[in-house]
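Just below is one structure, and these are the notes that go with it.
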Amino acid sequence: MTILVTGSAGHLGEALMRLLRQRGEDACGLDIRPSPFTDRVGSITDRDFVRAVMPGARAVLHTATLHKPHVVTHSHQQFVDTNVTGTLTLLEAAADAGVEAFVQTSTTSAFGDALHPAPDAPAAWIDEDVVPLPKNIYGATKLAAEHLCRVVARNRRLPVVVLRTSRFFPEETDDAEVRQAFASDNLQALELLYRRADIADMAEAHLAALARAAAIGFGTFIVSATTPFTRDDLTALHADAAAVVRARFPRADALFAGRGWRFLASIDRVYDNARARSALGWQPRHDFAHVLACLAAGRDFRSELARAVGAKGYHDQVFAEGPYPV
């Protein structure tokens, strides 16, 4: 019995295939693009293709998706076809085939407008109780796919775990002002405080969800690096994040100065992964304390897996104004 990994040519799909192969697991990568980690080339929107590859699968790790960077280059219908219809096709085929577990890669982008407090308000504390307010077709279709996961889990008794993932890709931010102010590694190190996870921890969360899916039945969890902040920090984080970080991590100043790095002036949201850690038995290892330890030792703070997967981009073309059009 094999584990199907959709989106195996993408960042997370490749990371999962690498881990599964390293551990001697029988894994089959699916993608519309050939790659060293893709065993079957085809689209998740092709019902015949999906039904042909599903028999013999014991689990599905569904990472294939259109992402936020595709919002300008792809139509709303293409987002619905891939993120909604493609997910439904996989869910139904998995239920029909008696698959034991299904893990859906969703996104914290589904929270949308809930992530952005008013200028004079505290930073937003984002846990699973926050009501998603999608602000674009990406968030809307990922949330719709989550609802389909719940329906199929309920009515077909297919164990499904939905993981709302924070940032884990190495590509530069689409915010031109932030790109000019921060080196990419500087910004991504800071994001581990509140809105990012290393891809190794992200992949481990998916495998933990796979192992716990039968016991959970259905669940939705936020997956991000463990934040050092608490709700008591939210007002100060929005007003003067640098002061909060310096107080919490006294040696950060010298270590950042040694690299010519800067601190963020403001942080607008904090992702809380407590329920994922508790329910999945998952313990991410790459947090901001890890970054500082690596800086002190002169090492790269990214995991070996992150370095192996590397950057992929999202489009075949290169855009002059940034990593993708906004």
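What follows is calculated from the coordinates using simple rules that are stated; it is not laboratory data. Since we're looking at a predicted model, the values are computed, not measured. Backbone-built Cβ (ideal geometry, glycine too); neighbour counts: all protein chains shown.
Nearest 500 deg cm²/dmol is fine: what mean residue ellipticity at 222 nm does the chain get from its DSSP H runs of n ≥ 4 alone, each adding -39,500 (n - 2.57), divided by its residue count? Working shown, then result.
Details: 13 runs with 133 residues, N = 326.
Taking each H run of at least 4 residues, the total per residue is -12000 deg cm²/dmol.
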* Distance-filtered residues of the range 189-232 - backbone nitrogen under 12 Å, label point 7 angstrom along Ala274 Cα→Cβ -> 227, 229-232
* Under unit Cβ charges (Lys, Arg +1; Asp, Glu -1), what dipole magnitude, rounded to 20 debye, does the chain have relative to its Cα centre? -> 640 debye
* Quick one: order Arg58, Arg18 by neighbouring beta-carbon count within 10 Å, fewest to most. => Arg58, Arg18
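Lys and Arg at +1, Asp and Glu at -1: add these up for the other residues within a Cβ distance under 10 Å of Ala241 and post the number.
Details: positive: Arg246; negative: Asp233, Asp240, Asp268.
Neighbourhood net charge equals -2.
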* Asked: What percentage of all Cα-Cα pairs in the chain are separated by more than 30 Å?
  -> 33 percent
